[in-house]
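Report on the structure given below.
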Amino acid sequence: MDGPLPEWCERTCVVCPAQELGPGRFDVVDRPGPDFAYDRAVGWRVDPDGHPVCVHPYRVGMPPGRYASAGVPLPEPNVAVPTPSPAALELPTEVDDLEGWLVATLRVAAPDQLFAAVARAERQAGERFAPGVVVQTLRRVLSVELANR
């Protein structure tokens, strides 16, 4: 498949290469970092060699791997979706990474703790980002995450 999987359009960040590229056409890494800068010219993060990179394996449902840059074979269908790593649960410093952090935070919350997890995430994010940005991001994330529970 050359294009994105239909579910990726709803489950990934708007700046993820999975929004436009099919499986195997981008790499997947564990989390954002300085080696994977956002390239405004292409609309997603890239590695130092310019390969497209998704920084949220739990959102594309693929384990980290150098699928595009090193030809790592794609995982078999129905492989367990990766869970967010401890590093993915650290509040980001860049607003571009807020959505992924919120998704990670909600994905590790037990169903009976979801309300508390949302409240805690909103408080934490509000310490670093503008309240309007936090609310807008929460709305976008909750609309997808609650539908998928």
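The values are calculated or read from the model by the stated rules, or taken from the named source; none is laboratory data. No experiment lies behind these values; they were computed from the predicted model shown. Glycine also receives a Cβ, built like all others from the backbone with ideal geometry; neighbour counts cover every protein chain displayed. Heavy atoms of the whole protein, side chains included, go into the accessibility calculation; ligands, DNA and RNA do not. Shrake-Rupley method; radii C 1.70, N 1.55, O 1.52, S 1.80 Å.
General remarks:
- Max mean-square fluctuation residue, GNM over the chain, Cα-Cα springs under 10 Å, options Gly50, Gly100, Gly24: Gly50
- GNM on the chain, alpha-carbon springs under 10 angstrom: the most fluctuating residue among Arg139, Arg11, Arg40 is Arg40.
- A simple charge model with +1 on the Cβ of Lys and Arg, -1 on the Cβ of Asp and Glu and nothing else charged puts the dipole of region 39-149 at about 260 debye relative to its Cα centre.
- For the chain, the fraction of 1.4 Å probe accessible surface lying on carbon and sulfur atoms is 54 percent.
- Residues of the chain: accessible area per residue with a 1.4 Å probe, Å²: 55
- For region 1-80, the list of GluC sites (Glu not before Pro) that fall in a loop by DSSP and count at most 16 other C-beta atoms within 10 angstrom reads Glu7, Glu20.
- When the chain is described by a simple charge dipole with +1 on each Lys and Arg Cβ and -1 on each Asp and Glu Cβ, the residue from Tyr38, Ala119, Pro57 located farthest towards its positive end is Ala119.
- Ellipticity estimate at 222 nm from DSSP helix runs (n ≥ 4, -39,500 (n - 2.57)) divided over the chain, nearest 500: -9000 deg cm²/dmol
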